[in-house]
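Below is one structure, written out as structure tokens, with a few remarks after it.
The values are calculated or read from the model by the stated rules, or taken from the named source; none is laboratory data. Keep in mind the model is a prediction, meaning the values are calculated, not measured. Here the Cβ positions follow ideal geometry from the backbone for every residue, glycine too, while neighbour counts run over all protein chains shown. Keep in mind that these areas ignore ligands, DNA and RNA; they rest on the heavy atoms of the full protein, side chains included. Shrake-Rupley method; radii C 1.70, N 1.55, O 1.52, S 1.80 Å.
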Amino acid sequence: MKPRIAVLGCGYWGSNHIRTLKALGALHAVSDVNPARAEGFASEQDCLAIEPEALFVRSDVDAIVMALPPQFHADMAVRAVQGGKDVLVEKPIALTVADAERSVKAAADNGRVFMVGHVLRFHPAFETLKALIDNGELGEVRYIHSHRLGLGKFHTENDALWDLAPHDLSMILAITGTEPIEVRGEGAALLDNLSDFAHLHMRFPNGLRSHLFASRLNPYRERRLTVVGTKAMAVFDDVEPWERKLAVYRHAVWQDSGQWAFTTNEPSYVAVGEGMPLTRELEHFLQCIETRAEPRTSGEEAIRVLRILTAGTVIHTGSSS
């Protein structure tokens with residue numbers, strides 16, 4: 001029998017979890033501080049609606065997916081794991097490193113699975129890109145830059161960096177296999193005191209450098225991760241159709257008689273098997289519950305992501321900066 005999963009938080013992203021878990025045959029219950037919203041999803045998906053306070057002590061709930069405003073994640077995760085539930089917590093898992101560490105430690109102390117919703121780690125194009133890197137197709141990786149731009153969403157507690165960058169930081173950390181030794185952040189707040197535009201500059205122990213640009217106040221959507229290696233460059237562009245999501249550029253640069261020379265080549269598009277990242281993420285969560293394996297996107301990884309976000313956050317004191 002599949003694990004019985006409850007979704008806590010029936011907002012935009014919670015509703016995606018609800019429908020995906022239903023399709024996987026693992027949705028047991030929904031829960032929200034707004035009872036009417038939970039009842040509506042329960043009726044639509046033919047599952048239980050459970051009050052949040054009751055959720056943590058229900059013996060018929062094996063695990064909880066949390067899609068709450070991030071300031072509530074840590075306390076709810078601690079209560080869940082202490083109640084014997086495995087958890088998948090949406091990003092960001094907390095707004096402070098201390099809260100993240102507290103919830104991850106509670107899961108370890110109680111022997112519970114703790115997974116984080118860094119969903120792009122389960123994107124087939126990223127998995128293929130990671131395999132290319134691991135197989136040496138790009139040579140030695142020297143630089144990684146990511147752009148995640150668009151209009152919205154707007155939050156009162158977390159800025160564009162905290163809302164958008166966790167996905168890219170998770171992918172960058174997976175590629176580098178280590179934390180940066182230097183993080184520098186820049187930000188601009190146009191609407192209130194939270195950054196609507198954010199840049200991160202990172203330096204890693206092996207000399208690799210990385211740059212991240214996130215914006216929630218941009219007129220067009222951009223979802224692009226670029227990896228520059230000594231043999232080739234690769235671009236994962238999630239705005240492109242499936243057949244063009246992963247491109248490899250085999251440019252060459254060399255010195256000739258003291259002068260730099262280079263050749264450019266048209267990109268070759270790498271075949272990527274289609275698949276919904278959220279479905280694959282939740283399938284992985286179910287597998288981890290059943291096997292008790294450490295999730296690919298673990299709590300420890302999420303703590304590393306929060307350390308970078310914290311180091312790169314710009315505090316604005318005026319109405320704009």
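Structural remarks
- In this view, the solvent-accessible surface of F197, computed with a 1.4 Å probe and all protein chains in place, comes to about 50 Å².
- Portion, in percent, of the accessible area of the chain that falls on carbon or sulfur, probe 1.4 Å: 51
- In the chain, taking the dipole from charged Cβ atoms about the Cα centre, the farthest positive-side position among G139, H17, L191 is held by G139.
- Looking at the chain, the DSSP beta bridges with both ends there are about 60 percent antiparallel.
- Where trypsin sites (Lys or Arg not before Pro) fall in DSSP loop in region 65-164, at most 11 other Cβ within 10 Å: K153
- Residues of region 243-275 with amide N under 16 Å of the 7 Å Cα→Cβ point at T230: 251-255
- Excluding ligands, DNA and RNA, the accessible surface per residue across the chain is 45 Å² with a 1.4 Å probe.
- Scaled radius of gyration (Cα, divided by 2.2 N^0.38 Å) that region 3-111 gives: 0.99
- Inter-site label distance for N110 and T279 at 7 Å from Cα along Cβ, in nm: 3.2
- Within the chain: Cβ-based charge dipole about Cα centre, in debye rounded to nearest 20 (Lys, Arg +1; Asp, Glu -1): 340
- Using a cutoff of 8 angstrom between alpha carbon atoms and counting only pairs six or more residues apart, the relative contact order for region 25-107 works out to 24 percent.
- Model label sites at V57 and N206, defined 7 Å from Cα along the beta-carbon direction, differ in position by 5.1 nm.
- With only the Cα atoms considered, the chain has a convex hull volume of 153 Å³ per residue.
- Close amide H contacts of L88 (hydrogens built in the peptide plane, cut-off under 5 Å, sequence separation of 5 or more or a different chain): I64, V65, M66, M115.
- List W13, W162, W242, ordered by accessible area with a 1.4 Å probe, largest first: W13, W242, W162
- Packing-based ranking, highest mean first, of 209-222, 181-194, 301-314 given that Cβ atoms within 10 Å are counted: 301-314, 209-222, 181-194
- GNM flexibility winner over the chain from V253, V228, V30 (Cα, springs under 10 Å): V253
- The calculated FRET efficiency for H251 paired with E186, based on their beta-carbon distance and R0 = 35 Å, is about 0.75.
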